[in-house]
Structure formats: structure tokens, C-alpha cells
Amino acid sequence: MSDPMQNLNDAADALNQGAARAAGFYDDADAEIATRQAAYDALAANLRAVVGVEMNFLAYVDPDEANPTNVDGGTFTSISAAVDAAPRGALVNIYLAPGKEHVLSHYVYVRHRRLTFLKNGAGANPVIRHAVVANATHNSLYGFTMSDGGAVRAGSIDFVLDDKADAGLPWSNNKTAFAYANAGRTEVELVSCKVTGNAEQGITSAYTGNQVRIGMWSTTLDGPFNAVVSVTSGLASISHGAVTLLNGAALNDGGTLGTNLLKTS
């Protein structure tokens, strides 16, 4: 038969142990809350600097990099991987390995980022080569898509736009290095660059009400294409200096100067 007094003592011990555990839990919780509050206070006091750091992204792209880190300030093997790793809306500086081809084999979504492409050190200009895919009806050029806003600037970079994958099919509307957006805006700046393309292609397009702003300095366009195509469908502002046009290259396809086209002479 159990001892009633012992049962009471055991119950009291259990209650005391429970109370001790509860007190320990509250002490730990208070300490955790204090730690987090201090972190929040520090963040609030330095929010401008924190945002500045987070919204500036740096990447080094080399297609032959054996061990890419895929983080801010680190190495990547493709342009698309570097762009996707950056926060939307960030200022993104991408240094491309010189003398190498950097192939775009699918669309790169800019998404409110401002991308700046630069050559990483001495040597021949890096080449961004835009590949082409064909389906049953059309050829399409892979490029940078601006449907969610953003801008691209390039210095000492060469762009090569591949020709049709299926010569028997026409181009789709995706035939430019920097794709248009319906009633959107496309901003492109090229300094000391070269763009090589083919018939009907372009650097960008004013199609379907898109607004284009393109600036070029000390840049060469080589091939029977236009810097801006389908100007009659939108609005284009073309500023340029020391631009060389070779083998049929031109600045714009369509448009009426002073109406939906502005450009330097």
C-alpha cells in the first residue's frame, strides 16, 4: 500500500521541477528576445548602409571556372547565374573573363536590375554570344528580357547575334539582343563595344509600344541589321558618337524623326 505522505512529497518534487524548468524556459526566452531586439535595433540604426550593401552586387563570370562560388563578390560560370543571384532592383557589376565566349543559351530576365558588363583585366574583349533556337514555325534569338524593367550598360564587350538555326523559317519577334516589352521601356548603353548581327536582327526593338533609349559611344555595328527595329510601333531615342556602321548596319528601322524618333545626326 502506497504511503500518502510519500505521494505528496513526490508530487511536490514534480511541481518544483516543473516550476524550475518553466523558469529556465522564461530566462532563455528573455535572453533570446534581448539578443534579437539588439540585432533589430542595430539594423534600424544602420538601415541605409545595410540596404546599400545588399543592393550592390558584384560577380566575376568565367565559363571555365571549376569551382564557382555563386555568391555576391564571387565567381560564376554563366551570365544568367550571376544575374539570377542578384536581388531584384540591385546595381549589378559583372566582370567577364577576357577573350572568352559567354553564350546565352536561354533568356536572361533583367527584372529591375541595372546590369553593367565590364572586361575583367587586360586581353581581348569578352564576347556575349546570343544563341538561336528554332521551333516548328520560327527562329528566336536568346537575349536579355526587359519585361519587368531594368537597364544594361556594357564597356569593352563584343556581342555576336547568331544567325537562324533553321534558314527556312522566319524570325519571331524575339530577334534582338535586348528584347522589347509591351508598352514597356528598354535602356541600353554601349561604350567601346562591337555588335555583329544578321539581316532583320537588332540590338533592341520598339515593337508594341515599347520605349527605347539607346546610347552608343566608340562602338561598331557590323552586319545588315539595325540598332533599333520596328520603330514605327513605338518610340526610340538613339544617341551616339564615334559609331562605325559596317556591312549594311544602320541605326533604325522605320520611325519618323521628331514624331516617334529622336537621334543624334
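The values are calculated or read from the model by the stated rules, or taken from the named source; none is laboratory data. Treat the numbers as computed from the prediction; the structure is a model and nothing was measured. Methodologically, a virtual Cβ is constructed for each residue, glycine included, from the backbone with ideal geometry; neighbour enumeration extends over all protein chains shown.
Listed values, structure above:
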| item | result |
| --- | --- |
| Given (1) hydroxyl-bearing (S, T, Y); (2) buried (at least 16 other Cβ atoms within 10 Å of the Cβ); (3) within 22 Å of Y207 (Cα to Cα), index of the condition S172 fails | (2) |
| Condition check for D148: out of contact with any Leu (no Cβ under 8 Å at 6 or more places or on another chain), acidic (D, E), modelled with pLDDT of 95 or more and within 22 Å of T204 (Cβ to Cβ) | no |
| So V195, is it buried (at least 17 other Cβ atoms within 10 Å of the Cβ), at pLDDT 95 or above and either among the β-branched types (V, I, T) or more than 27 Å from the chain's Cα centre (by Cα) (or both) | yes |
| From T204, T208, residue being under 26 Å from the mean Cα position of the chain (by Cα), part of a helix (DSSP H, G or I) and either basic (K, R) or under 22 Å from G150 (Cα atoms) (or both) | T208 |
| Wholly within region 101-179, strands (runs of 3 or more DSSP E) carrying at least 2 residues that are over 25 Å from W217 (Cα atoms) | 132-134, 139-141 |
| Residues that are buried (at least 18 other Cβ atoms within 10 Å of the Cβ) and outside any loop (DSSP other than H, G, I, E, B), drawn from region 236-260 | A236, I238, H240, L251, N252 |
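For (1) crowded, with 17+ Cβ neighbours inside 10 Å; (2) under 17 Å from Y107 (Cβ atoms); (3) in contact with a helix residue (DSSP H, G or I) (Cβ under 8 Å, 6 or more places away or on another chain), each residue gets a yes or a no:
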| site | (1), (2), (3) |
| --- | --- |
| A136 | no, no, no |
| K164 | yes, no, no |
| T176 | yes, yes, no |
| A183 | no, no, yes |
| G202 | yes, yes, no |
| N210 | yes, yes, yes |
| T220 | yes, no, no |
